[in-house]
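Below is one structure, written out as structure tokens, with a few remarks after it.
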Amino acid sequence: MVNKVILIGNVGTEPEVRALETGIKMARLRIATTERIYNASTGEKREHTEWHTVVLWRGQADFAEKYIRKGNQVYVEGKIRSREWTEEATGNKRHAVEILADEVRLLGQRRSDGGNFGEYRNGQFSGPAAQREQQGRQETAPPLPKDADGLPF
């Protein structure tokens, strides 16, 4: 069985970053994905936007805190997690569905030097911003594949 999610969307709010009592850092991102729907018989075009909560841990949370901002376009790979709890104050049952990120990349318009913005993968930052910070040099990444409209998929 497979539980895998790939999202490309825009960050809707500044990342919510916090450190737990154990010192482990976690971050939450709210990401909007928009589906463009075209009805050929009526010629009608419309959009449907879905909001996702993405949870990042440890180094990914550091990456989010340093580099991810409201409005950024991001690529996220991860898995769906759901959780339930009862609010102590009201006794109401609550339910949340979140994406637990395995990989996160900053996307956006290509820069004139050909580099992308960066990513956190396999426990390390990479990309120009992180490389300048760590080694003083830039690294480029291949562009994501695009559909006929020039949008990444």
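The values are calculated or read from the model by the stated rules, or taken from the named source; none is laboratory data. This one's a predicted model, so the numbers in the text were calculated from it and none came from an experiment. Glycine gets a Cβ as well: all are built from the backbone with ideal geometry, and neighbour counts include every protein chain shown.
Considering only residues of the range 101-117 that are surrounded by 11 or more Cβ atoms within 10 Å (Cβ to Cβ) and farther than 17 Å from V11 by Cβ, which is modelled with the highest pLDDT?
D102
Take R30 and decide whether it is exposed (fewer than 10 other Cβ atoms within 10 Å of the Cβ) and assigned to a strand (DSSP E or B).
Considered against the rule, which asks whether it is exposed (fewer than 10 other Cβ atoms within 10 Å of the Cβ) and assigned to a strand (DSSP E or B), R30 comes out as no.
Return the residue satisfying two criteria in turn: it lies in the range 44-64 and is under 13 Å from the mean Cα position of the chain (by Cα) and assigned to a strand (DSSP E or B), and of such residues it is farthest from R30 (Cα to Cα).
Of everything passing the filter in the range 44-64, W57 is farthest from R30 (Cα to Cα).
Determine which single condition Y120 fails, assuming it passes every other condition in (1) out of contact with any His (no Cβ under 7 Å at 6 or more places or on another chain); (2) of a type outside the set (A, V, I, L, M); (3) at pLDDT 60 or above.
Looking at each condition in turn, Y120 falls short on (3).
Give just the number: which of (1) assigned to a strand (DSSP E or B); (2) modelled with pLDDT under 95; (3) within 20 Å of L107 (Cα to Cα) does I37 not satisfy?
(3)
If you take the residues in the range 6-21 that are assigned to a strand (DSSP E or B) and under 11 Å from the mean Cα position of the chain (by Cα), which one is surrounded by the fewest Cβ atoms within 10 Å (Cβ to Cβ)?
I6
How many residues does the range 89-100 contain that are assigned to a strand (DSSP E or B) and either out of contact with any strand residue (DSSP E or B) (no Cβ under 9 Å at 6 or more places or on another chain) or surrounded by 10 or more Cβ atoms within 10 Å (Cβ to Cβ) (or both)?
6
Looking at R28, R46, R18 in this structure, which one is touching a residue at least 12 places away in the same chain (Cβ under 8 Å) and of a type in the set (K, R)?
R28
Any idea how many residues of the range 65-88 are out of contact with any strand residue (DSSP E or B) (no Cβ under 8 Å at 6 or more places or on another chain) and either in a strand (DSSP E or B) or within 25 Å of V2 (Cα to Cα) (or both)?
0
Only one of (1) modelled with pLDDT of 60 or more; (2) farther than 21 Å from P15 by Cβ fails for E98. Which number is that?
(2)
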